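The values are calculated or read from the model by the stated rules, or taken from the named source; none is laboratory data. Keep in mind that this is a model prediction, so the values were computed, not measured. As a convention, Cβ positions derive from the backbone with ideal geometry for all residues, glycine included, and neighbour counts pool all protein chains shown. Note: accessible area is taken over every heavy atom of the protein model, side chains too, but ligands, DNA and RNA are not part of it. Shrake-Rupley method; radii C 1.70, N 1.55, O 1.52, S 1.80 Å.
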Amino acid sequence: MSLDAIPIHVVNPTPGESALTGNAPPLLRELAEQVRRLLETGEPSAIDLSALPLTPADLDWLRDRLGSGEIAVTLQANGESTLNETACPGVWWVTHHNEQGAVTSQFIEVAFVPELVKAHPQDVAIGLEQLELSLSGL
Amino acid sequence: MPGPLIESLARQGITRRTFLKYCATLASMMALPPSAGRAMAEAMAAARRPSVIWLPFQECTGCTESITRSHSPTIEGMIFDMISLDYQETLMAAAGHQAEAARLDAMQDNAGKYLLIVDGSVPLGLDGAYSCIGGRSNVEMLKEAAQGAAAIVAVGTCAAFGGIPKANPNPTGAVPVSDIVKDRPIVNIPGCPPIPVVMTGVLAHYLTFGSLPELDDKGRPKAFFGETIHDRCYRRPFYDRGKFAKTFDDEGARNGWCLFELGCKGPVTHNACATAKWNGGTSWPVESGHGCLGCSEPDFWDAGGFYKALSVPADPLRIAGVAAAAGAAVGVGLSFANRAKKGAAKKAHQPVTLADLEKS
């Protein structure tokens, strides 16, 4: 049986109706401040987009303003995550999906490299052990 | 399984990045600042596992089903590795006297430090004889276990508010945990059943910060119960534009309009279903076309009929006694019990206090 047999369909509001709320522009100011702090102190920061009242139109507006940069990182960990650099270096658009592909959380991170991308020293140590193990077999 | 959590997770194929990602999402759901995600990951990865005793009283095991079968295998489920679950009748291998001995041992060894999780209400009728474990009444066991507990987590609406066992006429004299234990911090995690991530979120918060999360006036974690279903419902735009489904098979229902007039209790129900969703983020009641029953609010079973529309959406669900389901919901072709039965039921019920909230 196909899903079409179920006579219930969600009708989403037409594009014109989901207008901008005006909540997005202040975020750009906050980002500017965070980037300034990153430059001066090296302290990374982030904005949790799912915690804010932003409509899809607001998010599109933000994404348009920030543009896209040179690096796009894809992480496969319990569903896909994308960590994409924006046109503003040091500002990353981070989206976490679950295994079903739904967005579970969304952040704008301000960092030279997002924490999630870096390898943890403990994991590197485990990797080194494995490397040495395979070397010993040569 | 001794050793830090991150190692036991690694043994199960959960990588550090998966765990970091989980913590980031968990922090976001708990409305903690983004930096808290990393702090949580660090603290939990290295956490020493606290002893947890889980006592089941008048319950249906639905809460345990919810947390263990949410969608397996989940990190939510594996987070149970971060606690030492020393007594849980449904999950433990031991039975009979051995099981009770394990409970007593855990209570003695970790006196003052263990977390006590309770699901199910506590019957007080006939000196508690309605529900006993190993020949001892629930109320007696609860009092004993609460004495040495650092904190108590009342899981599910039954433990938090009395739930279905307490529904009128409450034959067993069921009461919530908070009616019996007065001198220990209690977190209520209501829901029938509660959302798995809410249960693990509270445990994660306790492990990370060594304290219980901020609670609302009903003892529920504000992070998850701070907003109503209605506040975060994706059908809210239809409510705002006055587009309602009038029956379960009309054009409005097919178009996914607001279910308010079909009795949705979303406006007075505080829970995280609309954002956390169910079955691994697949869907939730309103998304599947049925109004919210209000299962995370006190006395939801007696709140005057699941299909009766509320009339004052903004008010909190304030139900002191029991509201009689006095009439069929507007426009719903449901077959109700015959009138004689209804009249008798109505007479047996206590005064209606929800009436002012409802359409007559």
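Structure data summary
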| quantity | calculated |
| --- | --- |
| Members of segment B:173-199 that are touching a Ser or Thr at 6+ places or on another chain (Cβ under 9 Å) and of a type in the set (S, T, N, Q) | B:Asn188 |
| Subset of segment A:68-96 [out of contact with any His (no Cβ under 7 Å at 6 or more places or on another chain), within 20 Å of B:Val197 (Cβ to Cβ) and at pLDDT 90 or above] | A:Val94, A:Thr95, A:His96 |
| Any hit, segment B:279-288, residues being among the acidic types (Asp, Glu), surrounded by fewer than 21 Cβ atoms within 10 Å (Cβ to Cβ) and more than 22 Å from A:Ser50 (Cβ to Cβ) | no |
| Filter result for B:Lys182 (part of a loop (DSSP other than H, G, I, E, B) and either among the aromatic types (Phe, Trp, Tyr) or without any contact (Cβ under 8 Å) to a residue 12 or more places away in the chain (or both)) | yes |
| Helices (runs of 4 or more DSSP H) wholly inside segment B:208-314 that include at least 2 residues being closer than 17 Å to B:Ala160 by Cα | B:222-225 |
| Test result for B:Asp127, touching a Ser or Thr at 6+ places or on another chain (Cβ under 8 Å) and over 26 Å from B:Ile67 (Cα atoms) | yes |
| Number of positions in segment B:16-38 that are in contact (Cβ under 8 Å) with a residue 40 or more places away in the chain and open to solvent by 30 Å² or more (accessible area, probe 1.4 Å) | 3 |
